[in-house]
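Following: one structure in structure tokens, then a few remarks.
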Amino acid sequence: MSATTVTGTVHWVEMGAFVWALAAEDGTQYQLYGDTAELEQENLKAKVEGQIREDLVTTSMIGPVLEVQSYEILS
């Protein structure tokens, strides 16, 4: 697992299973994992700190899984 900070926009993705994702400013899309209830708002801008979970595989397969450890809502 590697620690990272990602800034981007939250989206509801309907791919395989329905999931919340963070579209990063660099174009990478992360599947959010963990305590994400306050982040689950379409088009919410946020800065998320967490761990990339390379040991997890999901049915949505939209990108790396980002286990949320903390976050800051930007708008």
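No lab work stands behind these numbers, since they all come straight from the coordinates. What you see is a predicted model; the values in this text were computed from it and never measured. A quick note on method: Cβ atoms are made from the backbone with ideal geometry, for glycine too, and the neighbour counts reach across all protein chains shown.
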key: Distance between the range 1-34 and the range 48-72 - C-alpha centres, whole angstrom   = 7 Å
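Sum up the charges of everything whose Cβ sits under 9 Å from the Cβ of residue 6, counting Lys and Arg as +1 and Asp and Glu as -1, but leave residue 6 out.
Details: positive: 47; negative: 25, 26, 49.
Its environment carries a net charge of -2.
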ask   = If you add up the charges near residue 74, with Lys and Arg at +1 and Asp and Glu at -1, over every other residue whose beta carbon is less than 9 angstrom from its beta carbon, what do you get?
value = +1
query = For Rg/Rh (Cα atoms, Kirkwood Rh), which listed value, (1) 1.13; (2) 0.91; (3) 1.04, comes from the coordinates shown?
reply = (2)
request  = Apply the Karplus parameterisation 6.51 cos²θ - 1.76 cosθ + 1.60, with θ equal to phi minus 60°, to every residue of the range 20-36 and state each ³J(HN,Hα) to the nearest whole Hz, in sequence, with x for glycine and proline.
outcome  = 8, 10, 10, 8, 6, 4, 8, x, 6, 10, 10, 7, 7, 9, x, 7, 10
